[in-house]
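The values are calculated or read from the model by the stated rules, or taken from the named source; none is laboratory data. Since the model is a prediction, treat every value here as computed from it, not as a measurement. Because the Cβ atoms are built from the backbone with ideal geometry, glycine has one as well, and the counts that use them run over all protein chains shown. Please note that ligands, DNA and RNA were not included when accessible areas were found on the heavy atoms of the full protein model with its side chains. Shrake-Rupley method; radii C 1.70, N 1.55, O 1.52, S 1.80 Å.
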Amino acid sequence: MCGDWWDEDASSPGYNTFRHVACGARPTFGGGSEALWRISPQYRYFAVVDYNTGPTTPGRGSAIFVHVSAGRPTVGCVSLPEAQLVQVLRWLRPAAHPLIHLGV
């Protein structure tokens with residue numbers, strides 16, 4: 001949705017959180033913050049990985065998502081073809097405390 005951002009500004013009080021800014025308005029945070037609605041197809045569907053939250057530690061990293069694959073490697077996220085991601089999102093139950101295990 002227009003105005004949906006992920007705040008990646010380590011100096012912002014909202015660091016590593018979803019933020020909605022009125023469409024067309026400039027956010028008060030900067031850094032590498034992502035305008036989620038502008039990045040397609042990746043953020044057509046996505047889930048947030050609970051990393052560096054409660055409390056956040058600036059500089060430790062932010063914005064890890066499971067999102068739609070754009071056919072190339074990500075910069076720290078997990079990506080799946082859209083149909084597979086939709087299946088995962090329909091299955092996903094956050095209350096069950098799902099884990100993502102990455103390995104070689």
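Some points to look at:
- Cysteines, the chain, no other Cys beta-carbon under 4.7 Å: 77
- Cα-only Debye scattering, the chain: base-10 log of I(q)/I(0) at q = 0.20 Å⁻¹: -1.15
- Carbon + sulfur, % of accessible area of region 1-103 - ligands and nucleic acids excluded, 1.4 Å: 57
- Vicinal HN-Hα couplings computed from phi for region 6-23 (Karplus, 6.51 cos²θ - 1.76 cosθ + 1.60; Hz; Gly/Pro x): 10, 7, 10, 7, 4, 8, 8, x, x, 3, 6, 9, 6, 9, 10, 10, 3, 4
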